[in-house]
Each structure stands twice: as C-alpha cells, then as structure tokens.
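Report on one structure; see the data block that follows.
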Amino acid sequence: MTIHFHERLHINDRNLCRLFMQEIRGIYTDLELTAEELDLLAMPRRSFTVHFPVRMDSGKTRMFIGYRVQYNDARGPAKGGIRFHPDLTIDHVKDLALLMVLKCAVVNIPFGGSKGGVVVNPRELSRNELEQLTRGYIRAINNFIGPFKDIPAPDVYTDEKIMVWIMDEFERIHGAHMPAVVTGKPVELGGTKARHYSTALGGIYVLEEALERAAVEKTTARVAVQGFGNVGKNAARLFFERGYKVVAVSAVEGGVMSPDGLDIPAVVRRQEATGSLLDFKGSRNITNQELLASDCDILVPAALSDQLHMGNADAVKAKIVLELANAPTTIEADEIFFGKKILVIPDVIANAGGVVVSYFEWSQNLTSNYWKEEEVLQKLKHIMVSSFNDVYSACSEPRCRMRKAAYLLAIKRVLDAERLRGNL
Ligand code: NAD
C-alpha cells in the first residue's frame, strides 16, 4: 500500500510551510524521510508577528505589521534578510526562511535560516519615517535577534543605510557594540568588501561552471536580466564587464531591449539620473513579460518570486535560467523547463553568494580582523565553485535537476545536524 505524503506527516497541516509542502513532497521518497524527519522539517521553529507604532511626519501615529521567522537553526544561528514590501505575508516569509535554511546548508556555511520584514511600501515614506519604521521594527524583535541567535541582512527594498539603523538601534538597546548583529553594512561600519555585488558575482561563478556543461559559448552568450536593484543591476554590470551581451534589462516599470547588446554602464547612469530604465537611446521599451520571453541564452530573474509560471514558461527561449531572485520559478514552470531541456540553476545555489559574503562579514566582525577585497573574492569563488560541483555530482539522473539535487544535499545536512543534537 502506498502511503501518501499527507498521511506521512503526524502534524496537522494548518501551520505548514507552503514551499515545504510543494517542494519536499516531490522528493521525500528519494530521501527516504521518516515521518519524524518530515514533521521536524515541515514547520518553522519560531515565527513572530509584531505590531508596532511609528510616529509619522504628520505627527500622527500609524501601526505597522512586522514578521520574523526562524525556520531552523540546527546548523548555526539563523540568517536571513529583511524585506519591506506592501504584499508581504507571514506565509511568504516562512517560504523564504526555509529557502535560507536550504541555501546555507547547500553552501555549507554554519548558519540556519530565517527571514523577516514589514508590510509597507517604503516608497511612500520619507527618509525620517523609514528610519523610525526600521527602529520600531527592531525594538519589537530585538529580543529574538543577535550575533549568536538570528542575523538579519538586506533584501527587497532594504539597503545598507537600513542595516546601519538596525545595528545602531540594537546596540542602543543592549548598550554594547555588536556589529555582527546584522550584515550588509557599509565598509566604514564593519561591512565587508565586495558585499554589494557578491550575490550577482556568486551567481556568475556558478553559471560559468554550468556553461561548460551546457555547451553555451560564454563570449557570444546573450543575457536578459529581470530586476534592476541591488542584485539585477550588479549582475547586468558584471555580465557586461565580463564580455557577455546583455540584450535586455527591466525593473518594476518595464525595461529596454537591444539585440546588439545594451551599453550597461550608460543604462545605469541614466537610470540613476532619471529613476527609470525606459526610453534608453538605441533600445526598444519592453514589458516584463516580453523580457522573460526574449531571445537570449541566459535568463536571469532578479526581482520577485513566482515570475516564471505556467502562463509564461512555454514562451521562455533561454537555454539556462539563473535564479538570482528567491523562488522566481513555480513548480509548474520548473516542470515545463525540464521538458524543454532548459537548465535551471536554482536560487539556493545561484544567489547564495550574498549569504556567503554575509558569513564573511559576520566572521570579520567577531574577530575584528578585516580582509582585503581579493581575499573575499577568492574565498567566495572557492565556496561557490565547490558547492556547484557538490550539487552537480549529487544529480542522480543523466539530465541534472539541480534544484532536486541541491535540496537532497541540504536536507541531509540539516537532518545530520538535528541527529547530532539528539533531536532525531
Ligand atoms: P531590490 O529592492 O534592490 O531590487 C528589486 C528590483 O526588482 C527593483 O529593480 C524593482 O524595480 C524590481 N521589481 C519589483 N517588482 C517587480 C516586478 N513586479 N516586475 C519586475 N521587476 C520588479 O532587491 P534585491 O536585493 O536586488 O533583490 C532582488 C531579488 O534577489 C529578491 O528575490 C531577493 O530575495 C533576492 N536576493 C537578494 C539578495 C541580496 O543580496 N540583496 C541575496 C539573495 C537573494
């Protein structure tokens, strides 16, 4: 008799993580997971919702909702970004926190996984309101974070200025200098060299390993990048500098395309001056959907989750999808890509360069011993390339499903840690 996934779980599924239910369901038999192991992985260890007041510039007080989820910390302190977004939900934060657990385990750094954020559109706030919001959120969660508990970092619509406010508020409350409470800080205040482009560069390191196996010539490869924030902009810049042809880029308002390749430094200058990518000289304006279906070899989603789905996956022409965003591909789209022989380099390895260099920042803060940029880059490359090879060699089928292989590797490492702690 076949025992179905749900029957395997001893716990009722009201609080289970959606990502866990969807993704792990597909591979739990490969892992031969017991019911106890499934139960242990299916729920976040701690999940907080906070409500906190912020005094707005008008003098009126407005209440905000914040979340922090510490999914698993068997392998070390929890680690995960803080997102300010109007559509944020606790369920999405749980998904992203589980991804952080898997990501830290795939690249084998001594962290668990967490995620958090505030339900807000930061573009509607003044600088002062943004600072008060950040400080209010940290006051609300300060007992649950710390250098040896849970270490935040930047994510969508948060940046190094916000990381400084987080550090400063935490240090005021605890009366001591503790830069290791948060990563993604400016270099002047305990940040590490290369952090601002480490997510993008880490992705390029693993991509270049994959290119050798996918018979795509680097010098002629055409790249399209969705999202032009910290990750997407740096990715476009690094691709351009390394000789790739970047044919399309986009942000929330849409993007631009040129089959001959865009002059990325000029696109960046113009976007920084005008706030928009549109109407760049010598290019054509496109929608985000057109970007995803554009004629390219490498598609790089670097914006939000669920951008590649059943409705548009068939139109993708790229040979490789490099997931610099978290969870940009739905399960249905993943299946379609496998059928079309598109190699997907999954988020848990493709964008892990950010958390790897965050780990370097945390280590430097704890030892007060700061490294040169070359040292950071050399260590980053070593971890990314060896993790790619670990994942690739964990592929059991002739055509590698990298996401499955990465999950198998990560879950095994997390369960080994739980077993050694006596929790299994
Ligand atoms: P960011 O806030 O700096 O930039 C987000 C970008 O996405 C902006 O250009 C915005 O215009 C664009 N965008 C927003 N909504 C969009 C939409 N509907 N369609 C198209 N574009 C849209 O954020 P970021 O730090 O660059 O993060 C981008 C992604 O990378 C997220 O999924 C994040 O979780 C992931 N990520 C970031 C890091 C990091 O180090 N910052 C590390 C790992 C993963």
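Have a look at the DSSP beta bridges in the chain and tell me what percent are antiparallel, nearest 5. Walk me through the numbers on the way to the answer.
On the way: 24 of 47 bridges.
Bridges in the chain that DSSP calls antiparallel: roughly 50 percent.
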Exercise. Computed FRET efficiency, Cβ-Cβ of GLN378 and GLU32, R0 25 Å: what is it to the nearest 0.05?
Worked result: 0.05
For this session: Only loop residues by DSSP count here, and only those with at most 14 other Cβ atoms within 10 Å; note down the trypsin sites (Lys or Arg not before Pro) in the range 35-121 that meet that.
Result: LYS60
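What share of the DSSP beta bridges in the range 46-187 is antiparallel, in percent to the nearest 5?
On the way: 17 of 25 bridges.
Percentage antiparallel, nearest 5: 70.
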Problem set entry | Given charges at Cβ of Lys, Arg, Asp, Glu: the range 46-187 dipole, positive-most of GLY80, VAL107, ILE173 | ILE173
Exercise. What percentage of all Cα-Cα pairs in the range 197-350 are separated by more than 21 Å?
Worked result: 36 percent
For this session: Putting +1 on Lys and Arg Cβ atoms and -1 on Asp and Glu Cβ atoms, find which of VAL376, GLY354, LEU238 reaches farthest to the positive end of the dipole of the chain.
Result: VAL376
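So what is the 222 nm mean residue ellipticity for the chain from helices alone, if each DSSP H run of at least 4 adds -39500 (n - 2.57) and you divide by all residues, rounding to the nearest 500 deg cm²/dmol?
Numbers: 15 runs with 182 residues, N = 424.
Computed mean residue ellipticity for the chain: -13500 deg cm²/dmol.
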Exercise. How many Å² of accessible area per residue for the chain, probe 1.4 Å?
Worked result: 42 Å²
Exercise. Chymotrypsin sites (Phe, Trp or Tyr not before Pro), restricted to the range 20-89: which are DSSP loop and have at most 13 other Cβ atoms within 10 Å?
Worked result: none
Exercise. So what are the range 274-354's ellipsoid semi-axes, whole angstrom, largest first, if each one is the square root of 5 times an eigenvalue of the alpha-carbon gyration tensor?
Worked result: 22, 16, 11
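What FRET efficiency comes out for ASN369 versus ARG127 if R0 is 35 angstrom and r is the Cβ-Cβ distance? Round to the nearest 0.05.
Working: r = 34 Å, r/R0 = 0.96.
Rounded to the nearest 0.05, the efficiency is 0.55.
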For this session: At most 14 other Cβ atoms within 10 Å and a DSSP loop assignment: could you name the GluC sites (Glu not before Pro) in the range 203-247 that fit?
Result: GLU217
Exercise. Hey, any idea what % of the range 277-424's accessible area is carbon plus sulfur with a 1.4 Å probe?
Worked result: 53 percent
For this session: Would you mind checking the pairs LYS218/LYS372; LYS245/LYS341; LYS149/LYS193; LYS233/LYS340 and listing those with alpha carbons more than 26 angstrom apart?
Result: LYS218/LYS372; LYS233/LYS340
Exercise. Okay, which of the range 250-266 sit inside 17 Å, backbone N to the point 7 Å along the Cα-Cβ direction of ASP295?
Worked result: 256-262
Exercise. How far apart, in nm, are two points set 7 Å out from the Cα along the Cα-to-Cβ line at VAL119 and at GLU335?
Worked result: 3.2 nm
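Give, rounded to the nearest 20 debye, the magnitude of the charge dipole that the chain has about its Cα centre when Lys and Arg contribute +1 at Cβ and Asp and Glu contribute -1 at Cβ. All intermediate terms of the calculation are to be shown ahead of the outcome.
Values: 52 positive and 52 negative charges, 109 e Å.
Result for the chain is approximately 520 debye, rounded to the nearest 20.
Is the shape of the chain best called rounded, prolate or oblate, per the rule: a/c under 1.5 gives rounded, else a/b larger than b/c gives prolate, else oblate, with a ≥ b ≥ c the square roots of the Cα gyration tensor eigenvalues? If you can, show how the numbers build up before the last one.
On the way: a/c = 1.44, a/b = 1.05, b/c = 1.38.
Note, shape of the chain comes out rounded.
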Exercise. What is the gain in length, in nm to one decimal, between ASP87 and LEU189 on full extension, counting 0.36 nm per residue of separation less the C-alpha to C-alpha distance?
Worked result: 33.6 nm
Exercise. With +1 on each Lys and Arg Cβ and -1 on each Asp and Glu Cβ, how big is the dipole of the range 197-350 about its Cα centre, in debye rounded to the nearest 20?
Worked result: 460 debye
Seminar exercise, completed: Per the charge dipole of the range 155-217 (beta-carbon charges, Lys/Arg positive, Asp/Glu negative, Cα centre), the residue among THR183, GLY202, VAL216 reaching farthest to the positive end is THR183
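Could you calculate the contour length gain from GLU241 to LEU278, that is, 0.36 nm times the residue separation minus the distance between their Cα atoms, to one decimal place in nm? Working shown, then result.
Working: separation 37, 0.36 × 37 = 13.32 nm, distance 2.20 nm.
Result for the pair: 11.1 nm of gain on full extension.
The values are calculated or read from the model by the stated rules, or taken from the named source; none is laboratory data. Everything numeric in this text was worked out from a predicted model, so none of it was measured. Don't worry about glycine lacking a Cβ; one is built from the backbone with ideal geometry, like all the others, and counts go over all protein chains shown. Heavy atoms of the whole protein, side chains included, go into the accessibility calculation; ligands, DNA and RNA do not. Shrake-Rupley method; radii C 1.70, N 1.55, O 1.52, S 1.80 Å.
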